[in-house]
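Worksheet: one structure, shown below.
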Amino acid sequence: MNTANPSPDRASGVAFIGGGNMASAVIGGLLSAGQPATSITVVEPFAEQAQRLRERFGITVLAAAGPELLSAGVVVWAVKPQMFQEAALPCRQFVGQALQLSVMAGIPSAAIAAATGSQRIVRTMPNTPALIGQGMTGLFASAAVSADERQRVEALLAPTGTTLWVNEEAHLDAVTALSGSGPAYVFYFVEAMIEAGTALGLSAEQARRLAVGTFSGAAALCGQSDESPEVLRQRVTSKGGTTHAAITTMEAEGVKPAFVKALHAAATRAQELGREFGGA
């Protein structure tokens, strides 16, 4: 198993195994930050997606793994977890000296090491707002990853939004439950607000603008305030008022415990993905 650092002539190259939305978000950020298109390679077997990547970014897109991957100092695994073992097998002979960067849910570092021959692994859990540069990504690095490589990963992901390192790999399952899957929870509540707004007489567009604007503004206020979300909520909730009526109803319906239970279910599923598709 080769764990040596990449030579200087290959250190700047980045290869993506899989060319879907998350890979596209990172590629777009890299190009905007000045990364040469000639230093980026993608393995994408689906012809239509491969052509879209070529036309959009002007990068090299391969239908299958080949010697071109040898130029990569970082290999980004951006395939679905259930496709990892199949995708890794033809790549192994070309990627063993590279830093492995995974954006796959659930697949543990041990499985990535076994499949690639590299112990230098950074697992990440991004989310879809990365597509507009407002993502939240949790990261975990194996012991073999150097401080310089951590910085390179941060720089690589910087155009996609904010990053947060965790010290235990198991904590990535919690990251998956909170932020990886989190945008869907927001969309779910926005859906409910739109449904309620239209039932109360607003147009769908009016309800949508009110719901999205409220979530955006409340999240920004929470992020910039030194006060806890609980205090911020209490300040909006006057006893006997409209907000109090809404919160009291949600508490009576068990919304908070149901939501917490849902996040535990997401974390459990992340663990299951690792066992099902990690192959380790």
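Read-outs throughout are calculated quantities, based only on the coordinates presented, and are distinct from any laboratory measurement. Owing to the predicted nature of the structure, the values given are computational and were not obtained by experimental measurement. Don't worry about glycine lacking a Cβ; one is built from the backbone with ideal geometry, like all the others, and counts go over all protein chains shown.
Quick notes
- Virtual spin-label span in nm between residue 37 and residue 271, 7 Å along Cα→Cβ: 4.6 nm
- Distant alpha-carbon pairs in the range 148-230 (separation over 17 angstrom), percent: 66 percent
- Here the 3J(HN,Hα) profile of the range 17-31, calculated from phi with Karplus coefficients 6.51, -1.76 and 1.60 at θ = phi - 60°, is 9, x, x, x, 4, 5, 4, 4, 5, 5, 4, x, x, 4, 5 Hz, Gly and Pro shown as x.
- Secondary-structure-derived ellipticity at 222 nm for the chain, considering helices only, amounts to -16000 deg cm²/dmol, per-run term -39500 (n - 2.57) for DSSP H runs with n ≥ 4.
- Part-to-part distance (alpha-carbon centres) for the range 89-103 and the range 185-244, which is given in Å: 44 Å
- FRET efficiency estimate (nearest 0.05) - Cβ-Cβ, residue 198 to residue 234, R0 25 angstrom: 0.30
- With each label modelled as a point 7 angstrom along the Cα→C-beta vector, the residue 82-residue 134 pair spans 3.2 nm.
- The chain: antiparallel DSSP beta bridges as a percent of all, rounded to 5: 15 percent
- FRET E, pair residue 263, residue 154, Förster distance 22 Å, beta-carbon r, rounded to 0.05: 0.25
- For residue 137, nonlocal amide neighbours, meaning residues 5 or more places apart or on other chains whose placed amide H falls under 5 Å from its own, are 162, 163, 164.
- Remark on residue 42: its backbone amide H falls under 5 Å from those of 16, 60, 61, 62, a criterion applied only to residues 5 or more positions apart or on other chains, H modelled at 1.01 Å from N.
- Taking the number of Cβ atoms within 10 Å of each Cβ as an exposure proxy, the fewest-first ranking of 232, 62 is 232, 62.
- FRET E, pair residue 166, residue 186, Förster distance 22 Å, beta-carbon r, rounded to 0.05: 0.50
- Measuring spread by the Cα atoms of the range 182-271 yields a radius of gyration and Dmax of 14.8, 44 Å.
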